[in-house]
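Visitor: Structure incoming, see below.
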Amino acid sequence: MKFFSKKNAKKTTRLFFATDLHGSERTFRKFINAGKFYEANVLVMGGDIQGKLLIPIIKEANGHYRATVQGRVERMATQEELAGLTARLDTLGFYYKVMDEDEFRTLSANPKAVDALFHEEARKKLSRWVDLAEERLNGTGIKCFVTGGNDDEWDVLSSLKREGTQSLVACENEMVYVDNDHTMISIGISTPTPWKTPRETTEEELGKMIEEMAAKVPDMNKAIFNFHDPPKDSTLDTCPMLDWTKDPPEQIVQGGQPVMHGAGSRSVREAIEKYKPMLGLHGHIHESQSVARIGRTVCINPGSEYGEGILRGCLVNFVDGEVVGYQMTSG
Amino acid sequence: MATATAKPEVFTRKASGLVRVMSPFSAFVYNILTMGLIFPWTYLWAPGALPGGKLVWGILLAMVIEIPIALVYVWLSTALPRSGGDYVFQSRVFGGGVAFTVVMSGYVIWILQWVALSGWLLSYLGFAPLFLGLGATLGNTALSNLGVWFTGATGIIITSILNAFVAALILISGFKNYVRFQNVMIVGTLLAFFTMLVVLFTGNPASSAAHLDAFAKAIAGVDNFVQTARDASVAAGIDLNPPFSLIATLLVAPIAWTSLQWATYSAQQNGEIKNARSFNSQMFIIVGSLIFTGILLALLAAALEKAVGTEFLYIAGAGYWAGVSEATIAGFWLWPNIIAVALTASPLVVVLIGIGYILNSHQIVHNCYIGMTRVMVAMSLDRLLPEWVSRVDEKRHTPANAHWAYFIASIPVIFLYNLYPGWVGLTLGVTFACGYVFVVTCLAGALLPYRAKDVYEASPGAKYKLGGVPLVTILGIIGFILGAIMLLMFMFDPRLGLTSPLAYGIVFGVLAVSAVWYFIAKNMQKSRGINVEYAFKEIPPE
């Protein structure tokens, strides 16, 4: 560190980046604690924070409960067992609601009501997360920047924007300073996916959005591009090619094996090549944990394993527009 | 986004997600191929070194011993369905120092010897019998001479380097090319294995002796081979009718473990296996492949005994273990496939067996690369190996640097294995070294509910308990004890080849090098402001 200090008199900033938590309570709590644990000054959450599944916990006539989790029907006879289940559902990132048989049947017949319930539960959880972040980071000096991803609904993300927060910053579509020198721009929208998720747009539109955001950056040498969509063909975006005509999408198999491809964004790649920011933070493709250099830019996708309660992330040390070290973590 | 659908008692919304590419069946087949239906040592080493041992029972015993170990991997794989297998399991429970030292030494370094063994198998058990058999059945001396060339050090070294180079090229060109080739290798291997089984099961000692005599005459110009080999073995003090020995039978198990310990190898690719979190899938993949392969290997032993008789197995073993040159054909040891080739007069059968052995031998080096490059990439991302190791080729999506590094590192081992006196005696060192990786992982499984409580409780195996104790803890302790017994046999019984000063030096030297590597890497990264321990530590959620 002495050698390093001679070269750069300024203080190194340590940033912890994680993404794609998909509603997992346990991994979010770890994320909030990561600042103290890793001695990081800055926390960045890269999007896709909303859960995908809602488990009805059905109260039966005999007072017992049942729920279908990962394809298996589980039955609970006591409140302790029920608490055990809800703790596990939190880890898995599943929303849940206790209801009786009649309510379940009524809900099942009404997709709009199911959708409304999803939104309600997601907003509630996100609001709780904002409270938690404010409570735990208060007085620590750690800033926590959060953006949405393509899987997050606009109205759910509105829960992040709250007046008077001290530590948590909803940074989507904003240019923010992560320390005294370095800025970050954040875009959560992605190019189209086979799942037709809530926040997608064309390459051209995404390119325009990036240009508008980039115009706000004072110094690209000290800039971070926090774009949920990874750059195309960068090894941060490798995944199986899917058949978009099927619901749910199916793998395309040729010669008896899946076809792999880069599913990232061309616009994101072109922007990185054009502006040469210091750092690119990306997610979206859970299975493609990787670090790549595009020109001078260090691009990172830490991947995601939220379902196992594991917080994948990446610690990045930088100073004066230079990434001096990084490491993947699996907390 | 308003789309939401109701499935049976679950509500889902449209969202993107992780896609896994390998089917459970592919993983099942992958394990079978990794276990190596063609690994031959049990069939010659055991009769040679362990008179009175029962081959069939020893193989089945190895299978039974491996079952609790395999079950621990089922639990761990469903709890942590990530690529990296043992390295991930151990680092989660014991931290980076133990995981790196054990996996780097037992896997990454020792498996370099499997690259050499793969080349040896390809040359000695693939090309050599093919050309020797064709030479004998077609009466072509040039083919026979070519077959003999493949049994010499020069032939084996050249074949081994080319074998490793071709596999690296195939894998670097894209994993899809390997998967296509794997289908060919599966068919070829199974066809060869079952052909060999049929040939051996339909044979009997009397007719086999005549066939072996004719084969030896055609290959080496030797008259009355079987009787000559028998006389020489007896003269060398070999007991051709030893009484049953329980100890010898037990000691067959560590040798058979050379194959069967690999039932868990798919765990290295858990991140790519569909339904990897499913208990049923992992049971099928790991335990299913173990039992399937164990039974096939025991069947091969039974077929071999039926074809040539127990007495001849001791003669063949004497050629291998006691160095009785008359019990070899042109210096060539009598492995099951060479015996099967000798028993048939059909060039087609010779070609089927030869090609199957060639394909399975070549497949082994692919497995070495696939598993180890994943581990190396994981270690590099944890900053314990250089950054360039984890760089992935943008077009082909393969960790090309890791492949080339592993290929280059294997070349000196290939030379050592084939030229350095006494190194062949370390053949089972790989079994021992990988064995200690599996044993430490068993301990990790036993401690998982206590050292990684959150991970364990979120896993599907958490509900299985016996007397209030997590079942994985009980299985982990059993697996640890059984595996440790095997390791102790290797360390203290000279008949398993690892009790020489050379063996001890290399085993502990490799461990020490790995530990020192971790220490140096950790301190180098510390000077850059990186604490490598962060890569393994779990953040408390509360």
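The values are calculated or read from the model by the stated rules, or taken from the named source; none is laboratory data. Predicted model only: the values in this text are computed from it and were never measured. FYI the Cβ positions are ideal-geometry reconstructions off the backbone, even for glycines, and counts take in every protein chain you see.
Visitor: Taking the criterion of being within 14 Å of chain A (Cβ to nearest Cβ), under 30 Å from B:Ser23 (Cα atoms) and small (Gly, Ala, Ser), would at least one residue in the stretch B:148-169 satisfy it?
Guide: There is no residue in the stretch B:148-169 that is within 14 Å of chain A (Cβ to nearest Cβ), under 30 Å from B:Ser23 (Cα atoms) and small (Gly, Ala, Ser).
Visitor: Of all residues in the stretch B:313-344, how many are in a helix (DSSP H, G or I) and of a type outside the set (Asp, Glu)?
Guide: Count: 19.
Visitor: Test B:Leu381 against the stated conditions and say whether it is within 14 Å of chain A (Cβ to nearest Cβ) and crowded, with 20+ Cβ neighbours inside 10 Å.
Guide: yes
Visitor: Looking at the stretch B:462-483, can you tell me whether even one residue there is within 12 Å of chain A (Cβ to nearest Cβ), more than 27 Å from the chain's Cα centre (by Cα) and of a type in the set (Val, Ile, Thr)?
Guide: no
Visitor: Still on this structure: Within the stretch A:184-237, can you find the residues that are in contact with a Phe, Trp or Tyr (Cβ under 8 Å, 6 or more places away or on another chain), among the aliphatic types (A, V, I, L, M) and either within 30 Å of B:Thr398 (Cβ to Cβ) or not in a helix (DSSP H, G or I) (or both)?
Guide: A:Met184, A:Ile185, A:Ile187, A:Ile210, A:Val217, A:Ala223, listed by residue number.
Visitor: Please verify whether A:Leu107 is within 9 Å of another protein chain (Cβ to nearest Cβ), part of a strand (DSSP E or B) and crowded, with 16+ Cβ neighbours inside 10 Å, treating the condition exactly as stated. First the steps, then the outcome.
Guide: Numbers: within 9 Å of another protein chain (Cβ to nearest Cβ): yes; part of a strand (DSSP E or B): no; crowded, with 16+ Cβ neighbours inside 10 Å: yes.
Against the criterion (within 9 Å of another protein chain (Cβ to nearest Cβ), part of a strand (DSSP E or B) and crowded, with 16+ Cβ neighbours inside 10 Å), A:Leu107 does not qualify.
Visitor: Please indicate, with yes or no, whether at least one residue in the stretch B:212-234 is of a type outside the set (Gly, Ala, Ser), outside any helix (DSSP H, G or I) and under 23 Å from B:Ala302 (Cβ atoms).
Guide: No, the stretch B:212-234 contains no residue that is of a type outside the set (Gly, Ala, Ser), outside any helix (DSSP H, G or I) and under 23 Å from B:Ala302 (Cβ atoms).
Visitor: Here's another thing I want to ask about it. Can you give me the number of residues within the stretch A:300-322 that are of a type outside the set (D, E, K, R) and within 8 Å of another protein chain (Cβ to nearest Cβ)?
Guide: Summing the residues that are of a type outside the set (D, E, K, R) and within 8 Å of another protein chain (Cβ to nearest Cβ) in the stretch A:300-322 gives 7.
Visitor: Now, a different point. Considering (1) more than 14 Å from chain A (Cβ to nearest Cβ); (2) surrounded by 23 or more Cβ atoms within 10 Å (Cβ to Cβ), say which one B:Ile355 fails and leave the rest.
Guide: Among (1) more than 14 Å from chain A (Cβ to nearest Cβ); (2) surrounded by 23 or more Cβ atoms within 10 Å (Cβ to Cβ), the lone unmet condition for B:Ile355 is (2).
Visitor: Moving on to the next point. Can you report the number of residues in the stretch A:241-267 which are under 24 Å from A:Leu281 (Cβ atoms) and surrounded by fewer than 23 Cβ atoms within 10 Å (Cβ to Cβ)?
Guide: Here the count works out to 3.
Visitor: So, of the residues in the stretch B:66-92 that are at pLDDT 90 or above and surrounded by fewer than 24 Cβ atoms within 10 Å (Cβ to Cβ), which turns out to be farthest from B:Leu475 (Cα to Cα)?
Guide: It comes out as B:Ile67.
Visitor: Pairs under 9 Å by beta carbon, first residue within 7 Å of chain B (Cβ to nearest Cβ) in the stretch A:189-200, partner of a type in the set (S, T, N, Q) and in a strand (DSSP E or B), six or more apart or different chains?
Guide: Qualifying pairs under 9 Å: A:Thr197/A:Ser190.
Visitor: Being of a type in the set (S, T, N, Q) and closer than 17 Å to B:Leu260 by Cα is the filter here; which residues of the stretch B:286-320 pass it?
Guide: Selection gives B:Ser289, B:Thr293.
Visitor: I would also like to ask the following. Among the numbered criteria (1) among the polar types (S, T, N, Q); (2) surrounded by fewer than 17 Cβ atoms within 10 Å (Cβ to Cβ); (3) more than 11 Å from chain B (Cβ to nearest Cβ), which single criterion is violated by A:Thr19?
Guide: If we test A:Thr19 against (1) among the polar types (S, T, N, Q); (2) surrounded by fewer than 17 Cβ atoms within 10 Å (Cβ to Cβ); (3) more than 11 Å from chain B (Cβ to nearest Cβ), just (2) comes out false.
Visitor: Here is a follow-up. Can you name the number of the only condition in (1) crowded, with 16+ Cβ neighbours inside 10 Å; (2) farther than 22 Å from A:Leu53 by Cβ that A:Leu160 fails?
Guide: Of the numbered conditions (1) crowded, with 16+ Cβ neighbours inside 10 Å; (2) farther than 22 Å from A:Leu53 by Cβ, the odd one out for A:Leu160 is (2).
Visitor: Sort out which residues of the stretch A:142-165 are in a loop (DSSP other than H, G, I, E, B) and within 15 Å of A:Thr19 (Cβ to Cβ), and write them in order of number.
Guide: A:Thr147, A:Gly148, A:Gly149, A:Asn150, A:Asp151, A:Asp152
Visitor: Here's something else I'd like to know. Is there any pair linking a residue in the stretch B:427-440 that is surrounded by fewer than 22 Cβ atoms within 10 Å (Cβ to Cβ) to one that is hydroxyl-bearing (Ser, Thr, Tyr) and not in a helix (DSSP H, G or I), with Cβ under 8 Å and at least six apart or on different chains, and which?
Guide: Filtered contacts from the stretch B:427-440: no entries.
Visitor: Let me ask something else. Kindly indicate whether B:Leu297 is modelled with pLDDT of 95 or more, within 14 Å of the chain's Cα centre (by Cα) and surrounded by 22 or more Cβ atoms within 10 Å (Cβ to Cβ).
Guide: Criteria not met by B:Leu297.
Visitor: Ok, one more. Could you count how many residues in the stretch B:42-64 are under 19 Å from B:Gly435 (Cα atoms), in contact with a helix residue (DSSP H, G or I) (Cβ under 6 Å, 6 or more places away or on another chain) and of a type outside the set (Ser, Thr, Tyr)?
Guide: Of the residues in that region, 8 qualify.
Visitor: Filter the stretch A:44-72 for residues that are surrounded by fewer than 18 Cβ atoms within 10 Å (Cβ to Cβ), among the charged types (D, E, K, R) and modelled with pLDDT of 90 or more and give the result. Reasoning before the result, please.
Guide: Filtering the stretch A:44-72 for residues surrounded by fewer than 18 Cβ atoms within 10 Å (Cβ to Cβ) gives A:60-64, A:66, A:68, A:70-72.
When the remaining residues are screened for being among the charged types (D, E, K, R), the result is A:60, A:66, A:72.
Residues satisfying the conditions are A:Glu60, A:Arg66.
Visitor: Could I ask something else about it? Looking at A:Thr297, A:Thr245, which is the one that is closer than 30 Å to B:Met524 by Cβ and more than 9 Å from every other protein chain (Cβ to nearest Cβ)?
Guide: Selected residue: A:Thr297, the only one of A:Thr297, A:Thr245 that is closer than 30 Å to B:Met524 by Cβ and more than 9 Å from every other protein chain (Cβ to nearest Cβ).
Visitor: Just give me the residues in the stretch B:235-279 being hydrophobic (A, V, I, L, M, F, W, C), within 14 Å of chain A (Cβ to nearest Cβ) and crowded, with 24+ Cβ neighbours inside 10 Å, in sequence order.
Guide: So the first thing to find is which residues in the stretch B:235-279 are hydrophobic (A, V, I, L, M, F, W, C), and the list is B:235-236, B:238, B:240, B:244, B:246-248, B:250-253, B:255-257, B:260, B:262-263, B:267, B:273, B:276, B:279.
Narrowing the set further to residues that are within 14 Å of chain A (Cβ to nearest Cβ) leaves B:273, B:276, B:279.
Answer for the stretch B:235-279, where residues must be hydrophobic (A, V, I, L, M, F, W, C), within 14 Å of chain A (Cβ to nearest Cβ) and crowded, with 24+ Cβ neighbours inside 10 Å: B:Ile273, B:Ala276.
Visitor: State all residues of the stretch A:275-308 that are out of contact with any Gly (no Cβ under 9 Å at 6 or more places or on another chain) and more than 17 Å from A:Met328 (Cβ to Cβ); if no residue qualifies, say none.
Guide: Answer for the stretch A:275-308, where residues must be out of contact with any Gly (no Cβ under 9 Å at 6 or more places or on another chain) and more than 17 Å from A:Met328 (Cβ to Cβ): A:Tyr275, A:Pro277, A:Gly295, A:Arg296.
Visitor: Further question: Show the residue pairs meeting these rules: Cβ distance below 9 Å; 6+ apart or different chains; first residue within the stretch B:236-259 and closer than 22 Å to B:Leu428 by Cα; second residue among the β-branched types (Val, Ile, Thr) and surrounded by fewer than 12 Cβ atoms within 10 Å (Cβ to Cβ).
Guide: none
Visitor: Can you go through B:Tyr518, B:Tyr534 and tell me which one is hydroxyl-bearing (Ser, Thr, Tyr), within 12 Å of another protein chain (Cβ to nearest Cβ) and assigned to a helix (DSSP H, G or I)? Talk me through it step by step, then tell me what you get.
Guide: Details: B:Tyr518 fails: within 12 Å of another protein chain (Cβ to nearest Cβ).
When all the criteria are applied, what remains is B:Tyr534.
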